[in-house]
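Just below is one structure, and these are the notes that go with it.
The values are calculated or read from the model by the stated rules, or taken from the named source; none is laboratory data. Just so you know, these numbers come straight off a predicted model, no measurement behind them. No Cβ is skipped: glycine too gets one built from the backbone with ideal geometry, and neighbour counts run over all protein chains shown.
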Ligand SMILES: Nc1ncnc2c1ncn2[C@@H]1O[C@H](COP(=O)(O)OP(=O)(O)O)[C@@H](O)[C@H]1O
Ligand SMILES: [Mg+2]
């Protein structure tokens, strides 16, 4: 993982003219977007707008048709998912994709290790990793569930485990695919606190959410996607006060 | 009778090694191979050839057997593991079919259909071990070593990687895991351990031919793993013991008409397997469904 320093608010990841079609349908259509260091960017838009597809193109889960993805000035488009992840770009999935047969602890542990061979680790490093996982368990409220199989967790717990895995890594950029959907108010408060704390710690975060109200308080920037096209990328107030976007977003209710 | 018991024990230990090494990929990596008998055979033929032409020392024959099986498994794993799971099953079936042809035709290495005769027994520091009772010590120790190796792997970060990949390949990759590489290494380890069983088998029976390494053996091994319980520590051993003992146990049932025993044996065997999978889908040792 590189440690190149980027000033707060400067672009960390730059998407340039990215295109992806499925059959004849343009799922991502000429999207150009910066994810800026140390802030929370929220990607909103109706269902099927291409938000998840955009993540998949950034992380290498899908191959782009054309366009560039630059990470710290280097082109990473077309790279393999595991190599992109190792650069410090990690993600969650809308359908979670937990390691269902493994315990909560092993899920988190497994997110932090990718070497083929067991890494020789000093006992101090081992201890630090253990403390880090303990802290993540605490923050996600999963401390009591550490030995529970992921499959046996309740809905909100599963969402937090998905967060916990990414929190335990040293990723600089988090791509979170609808992490808040379906959370009850208490869980939602916990979720917001995690985001605030990690933003404070310098993590760059991009959240997909199709319900704008949910993320309005935490977003530093809002990017609006509709039918594959980026219609806006601005401060929350600007986006919210744009009557055209409101029309698309809230439907024609007037 | 005593020889019979020890023969059975040796076979259970040898098939136990095969089942444990197959369970390593089925149970922990979710890779279903129908080519395990190929690596069993490669181990047997290689160790027989080395034993007859180079040195009878088991410290040479077994590593040679492992090496050859590992290399051939790469041929299967490298292309097949880059695609989805079902294709690996198909590719392994293809390898199994090709291997049977090669084993039957490559006379200088496998003796063709006739097989290889007079294979030297296990030879440890010049001491030959061919009595079933003594051989049992060797085979059981080999089984324990194979179990210890797989347990250590499964409990290490490598094992966690395998299980993570089995549960979600895409999520595993998203956390930096090189999925094809990890799966390939698992297949290579599994093949090399199967070759240990092949080497022991060849030196114990002293005669091998292609019939021991055909598709039905691969299917039997998979049945041992699934019936015993995939992804469990004891499952493959229980499965191996059961499927080796059951056929002869059935033939001892005195109330069965002796003329029909062969057919009845097959029916009881098949029925038992089907019922077991209905009532204990996780295998004998595996967790019950829904828990
Ligand atoms: N792998 C795929 N193959 C074919 N069509 C896809 C694939 N992934 C997404 N799509 C289509 O692309 C469009 C955008 O989907 P997606 O990015 O999942 O939307 P969002 O996450 O904004 O709800 C949808 O019409 C969806 O059906
Ligand atoms: Mg989506």
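Of note:
- If only residues of the stretch A:85-104 that are closer than 10 Å to residue A:149 by Cβ and out of contact with any strand residue (DSSP E or B) (no Cβ under 9 Å at 6 or more places or on another chain) are counted, the one that is farthest from ligand 1 (Cβ to nearest atom) is A:99.
- Selection count where residues are surrounded by fewer than 23 Cβ atoms within 10 Å (Cβ to Cβ) and within 16 Å of ligand 1 (Cβ to nearest atom), scope the stretch A:37-50: 4
- Residue A:34 vs. criteria surrounded by fewer than 17 Cβ atoms within 10 Å (Cβ to Cβ) and either outside the structural domain of residue A:193 (by TED's automatic domain parsing) or more than 16 Å from ligand 2 (Cβ to nearest atom) (or both): no
- Members of the stretch B:155-176 found to be at the interface with chain A (Cβ under 7 Å from one of its Cβ atoms), crowded, with 23+ Cβ neighbours inside 10 Å and within 19 Å of residue A:57 (Cα to Cα), listed by number: B:171, B:173, B:174, B:175, B:176
- Some residue of the stretch A:181-194 being within 16 Å of ligand 2 (Cβ to nearest atom), in contact with a helix residue (DSSP H, G or I) (Cβ under 9 Å, 6 or more places away or on another chain) and not in a helix (DSSP H, G or I): yes
- Identity of the residue in the stretch A:54-76, within 11 Å of ligand 1 (Cβ to nearest atom) and buried (at least 20 other Cβ atoms within 10 Å of the Cβ), that ends up farthest from residue B:176 (Cα to Cα): A:54
- Checked across the stretch A:91-100, the condition of being modelled with pLDDT of 95 or more, more than 23 Å from residue B:82 (Cα to Cα) and away from every other protein chain (no Cβ under 14 Å) holds for no residue.
- Candidate set: the stretch A:37-55, residues that are within 16 Å of ligand 2 (Cβ to nearest atom) and touching a helix residue (DSSP H, G or I) at 6+ places or on another chain (Cβ under 9 Å); chosen: the one nearest to residue A:202 (Cα to Cα): A:42
- Of the residues making up the stretch A:197-215, just one is over 29 Å from residue A:87 (Cα atoms) and away from ligand 2 (no atom under 16 Å from the Cβ), namely A:213.
- Residue within the stretch A:138-146 that is over 30 Å from residue A:219 (Cα atoms), within 11 Å of chain B (Cβ to nearest Cβ) and surrounded by 13 or more Cβ atoms within 10 Å (Cβ to Cβ) present: no
- Subset of the stretch B:181-199 (residues that are more than 7 Å from chain A (Cβ to nearest Cβ) and within 22 Å of residue A:107 (Cβ to Cβ)): B:183, B:186
- With respect to the conditions (1) within 16 Å of ligand 2 (Cβ to nearest atom); (2) at pLDDT 90 or above; (3) in a loop (DSSP other than H, G, I, E, B), residue A:224 lacks only one, and its number is (3).
- Index of the failed condition, residue B:148 passing every other in (1) within 24 Å of residue B:230 (Cβ to Cβ); (2) away from chain A (no Cβ under 14 Å); (3) surrounded by 14 or more Cβ atoms within 10 Å (Cβ to Cβ): (3)
- The condition of being at the interface with chain B (Cβ under 9 Å from one of its Cβ atoms) and under 17 Å from the mean Cα position of the chain (by Cα) does not hold for residue A:52.
- Assessment of the stretch A:62-75 against the conditions (within 30 Å of residue A:183 (Cα to Cα) and facing chain B (nearest Cβ under 8 Å)) yields no matching residue.
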